C-alpha cells in the first residue's frame, strides 16, 4: 500500500524521495570518478562518496521494507511471587492499518502460540488510526492459553496520537469499538479494573488502566478495588505510569509497550529520536527496576509514523517468572 493511504502518504513519500536522492548521489559520484580517473585523491573521495550513498540506499531499503517484516521472539526472566513458573507472552503496538494487517497478525498469533503461554498480555495500540480495519483483531481469538488473554487500550486506540508545538494531535476515539471486537475474540479488556485468576495453588491479579494520554485513566481506584494479598501484574500501555508512587505498595510487575524501542536505533546509542515517555530514553525496551518497581517494556510488533524499523525488529516477548 505504498503511497496509497492518505494517513501514511507523507511518510511513504519521504522514504521514496530519500531513496531517489541516495541513488542519484551514488550515480553522481560514479560519473565524477570516471571523469577524474587520473587523480588518486579524487578517486578515493569518489569511492567513499559512492559507498556512503549506497550504504544509505541499502539502509533505507532494509529499514523500510525488510526489518519491519522480521518477527522475532525473545525470552526474559522476571521476578514474580508464584510457586510455579508462569509463561507470559506479551504482544503490543500491533498498529493494524496500512502497514500491518490480518496476515501479519496471523503470523504473530502463531508465534505466540508456539511459545506455549499460560497467559497472554496485550498492552494496547491495536490500530494505527481512523481508517484502520479493526475487525482484523478477531484473529486474536486463535490465541491459546491456560489462563486467558488480557488487554488494555493504547493512545492510538482512543485517538490520542501525540503532540505538536500547537497542541495535542487527536483523532477519533475508537476505544469502545476496539473493546467490543476484542471481547468477541475472547480477550478480556481491562479499563481501570482487574481480574483474578488461579495458577496452581496461587492466585494472580491482572489489573489494567486506560491509557495515560486519555482522560479516563484511574490508577488509584483500580488498585483500591483489589482485595487480598495476591501478586498483581499491572497492564499500562504507557510505561510512564511507574512514576506513580502508589505502585510500590501493591504492584509486583508493570507490563507496557508504547515505546517501539524507539523504532529507529543505533547499536551502542539506542533510540535515534527518543521515546515518547516521561521516564527517559534509558527505559526503552526490556526489563528494568524503576525506583524498585519491576517494569517490562516490549518493543511491539507494528509501526507508527514511518513504516521503518532499524535495529529494533518486531518482537513477541516471553516472560518467565522466577
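Observations
- Debye-formula intensities of the range 120-166, expressed as log10 I(q)/I(0) at q = 0.21 Å⁻¹, are -0.80 (one equal scatterer per alpha-carbon, no solvent).
- Across all Cα atoms of the range 41-129, the radius of gyration (one decimal) and Dmax (whole number) stand at 20.4, 69 Å.
- Gain on full stretching of the segment that runs from residue 106 to residue 3 - 0.36 nm per residue minus C-alpha separation: 34.6 nm
- In the chain, helices alone account for a calculated mean residue ellipticity at 222 nm of -8000 deg cm²/dmol, with every DSSP H run of four or more residues adding -39,500 (n - 2.57).
- The chain: most fluctuating residue of 181, 50, 161 per GNM, C-alpha cutoff 10 Å: 50
- Between 0 and 90°, nearest 10: helix 102-114 axis offset from the chain longest Cα axis: 60
- The chain: angle of helix 40-61 to the longest principal axis, Cα-based, in degrees nearest 10: 30
- Inter-centroid distance (Cα atoms) of the range 1-73 relative to the range 221-236, Å: 51
- Spread over its residues, the convex hull of the C-alpha atoms of the chain is 148 Å³ per residue.
- Choice from 11, 49, 199 with maximal GNM fluctuation in the chain (Cα, 10 Å cutoff): 49
- Antiparallel DSSP beta bridges within the chain, percent to nearest 5: 45
- Of the Cα atoms belonging to the range 126-221, the radius of gyration and Dmax stand at 15.1, 53 Å.
- Largest-first ellipsoid semi-axes for the range 233-318, taking √(5λ) over the Cα gyration tensor eigenvalues, angstrom: 23, 13, 11
- Tilt relative to the chain, helix 175-184 - C-alpha long axis, 0 to 90 degrees, to 10: 70
- A straight chain from residue 248 to residue 21 at 0.36 nm per residue would run longer than the Cα-Cα distance by 76.6 nm.
- Simple spin-label estimate for residue 47 and residue 71 in nanometres, 7 Å along Cα-Cβ: 4.4
- Diffusion coefficient, µm² s⁻¹, Stokes-Einstein with Kirkwood Rh over alpha-carbon pairs of the range 1-95 at 25 °C and 0.890 mPa s: 140
- Build a GNM of the chain with springs between Cα atoms under 10 Å apart, and of 236, 221, 132 the one that fluctuates most is 221.
Where a number appears in this text, it was derived from the coordinates with a stated rule and is not lab data. Small disclaimer: the values here were computed from a predicted structure and weren't measured. Every residue, glycine among them, receives a Cβ derived from its backbone with ideal geometry; neighbour counts consider all protein chains shown.
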